[in-house]
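Note sheet for the following structure.
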Amino acid sequence: MITTYGELKTAIADWLDREDLAGRIPSFIKMAETKVYRTLRTRENEFTKTWTEVDEPLSPIDLPQNFREVKLITLDDLPLENISPQEFHRRSREGEQGARSYFTLIERKLYIYPWPTVTPDDWGTFTLEMIYYGTESITEMATWDTPTNPNAVPEYDGDAPTTAVRDDSATTRLLQVAPDVLFYGALSEAYSYLLVPDKKAEYQAMFSAAVADLEHEGAMADLTGSTVGVSSIYFDGRF
């Protein structure tokens, strides 16, 4: 059973049976991760970032460095509507006010408008929460330079790390649930490096199938106990 970074590297090395590739295996895994997180949108890479006791209107807000895509943003439990940057600028320029607030993303920053109209003394009562899809790497940890980032690894609980390399005991939710995704993905990258197109295509197909199965499982879990339908939490369906 593959549950850690070390076990994943060993399994890939055993399968390749090439001693000269041992130093390149982390790169193969990293390339597989890069491909996975471009499209993966399941609970295995879902994160929550919360800003509590907001003491002033925060806009723009730096996004977490492992951020990929917003799933839901709420301000005091009320969903914010996602609109285009053009529409956001129009509304803010015209000073549009109302009960509904909006957000947009520009250059990896979160903009919100309008903030609820309250006195400055009441700002401390706000809670802003973002549920988002992000990257959780088993090969590296980003060097976080802002306090707005979540923990990058499940087993880590503390201040943002500054180390850039994981050890062999490291794990991620993706590896725990679907080790075949990174295993097949890394083998596809290895055979691409070795210039063996037939083997590359074989493992690429296995990799794609494993990712598709994981996404299907996530979609089915979201529908469990509910009536199938198409709707948007952002009211008008604009993304």
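The values are calculated or read from the model by the stated rules, or taken from the named source; none is laboratory data. Since the model is a prediction, treat every value here as computed from it, not as a measurement. Counting neighbours? That spans all protein chains shown, and the Cβs are built from the backbone with ideal geometry, glycine included. Note: accessible area is taken over every heavy atom of the protein model, side chains too, but ligands, DNA and RNA are not part of it. Shrake-Rupley method; radii C 1.70, N 1.55, O 1.52, S 1.80 Å.
How many residues are over 22 Å from T127 (Cβ atoms) and in contact (Cβ under 8 Å) with a residue 24 or more places away in the chain when one looks only at the stretch 89-106? Talk me through it step by step, then tell me what you get.
The initial filter retains those residues of the stretch 89-106 that are over 22 Å from T127 (Cβ atoms), namely 89-96, 106.
In the following step, the residues that additionally are in contact (Cβ under 8 Å) with a residue 24 or more places away in the chain were identified as 106.
Here the count works out to 1.
So if I check each of L40, L8, L16, which one is closer than 22 Å to V181 by Cβ, touching a strand residue (DSSP E or B) at 6+ places or on another chain (Cβ under 9 Å) and either of a type in the set (G, A, S) or at pLDDT 90 or above (or both)? So the residue among L40, L8, L16 that is closer than 22 Å to V181 by Cβ, touching a strand residue (DSSP E or B) at 6+ places or on another chain (Cβ under 9 Å) and either of a type in the set (G, A, S) or at pLDDT 90 or above (or both) is L40.
Check L75 against each of (1) more than 30 Å from D167 (Cα to Cα); (2) touching a residue at least 24 places away in the same chain (Cβ under 8 Å); (3) open to solvent by 60 Å² or more (accessible area, probe 1.4 Å); (4) not aromatic (F, W, Y) and name the one condition it does not meet. Here L75 clears every test but (3). Would it be correct to say that E69 is part of a strand (DSSP E or B) and at pLDDT 90 or above? Answer is yes for this residue.
Name the residues in the stretch 49-66 that are modelled with pLDDT of 75 or more and either charged (D, E, K, R) or within 11 Å of T127 (Cα to Cα) (or both), would you?
K49, T50, W51, T52, D62
Among the residues of the stretch 125-182, the ones that are open to solvent by 70 Å² or more (accessible area, probe 1.4 Å), farther than 30 Å from A210 by Cα and at pLDDT 50 or above come to 1 in all. Whether any residue in the stretch 194-212 is of a type in the set (F, W, Y), under 17 Å from K30 (Cβ atoms), more than 21 Å from the chain's Cα centre (by Cα) and at pLDDT 85 or above is what I want to check. Within the stretch 194-212, one or more residues are of a type in the set (F, W, Y), under 17 Å from K30 (Cβ atoms), more than 21 Å from the chain's Cα centre (by Cα) and at pLDDT 85 or above.
Sub-7 Å Cβ pairs linking a first residue in the stretch 42-69 that is under 12 Å from L110 (Cα atoms) to a second residue that is modelled with pLDDT under 75 and open to solvent by less than 50 Å² (accessible area, probe 1.4 Å), at least 6 apart or interchain, are D62/T146; D62/T148; P64/T148; P64/N149; P64/P150, ordered by first then second residue.
Rundown of residues vs (1) open to solvent by less than 20 Å² (accessible area, probe 1.4 Å); (2) outside any helix (DSSP H, G or I), yes/no style:
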| site | (1), (2) |
| --- | --- |
| I2 | no, yes |
| L8 | yes, no |
| D14 | no, no |
| L21 | yes, no |
| P26 | no, no |
| I29 | yes, no |
| A32 | yes, no |
| K35 | no, no |
| R38 | no, no |
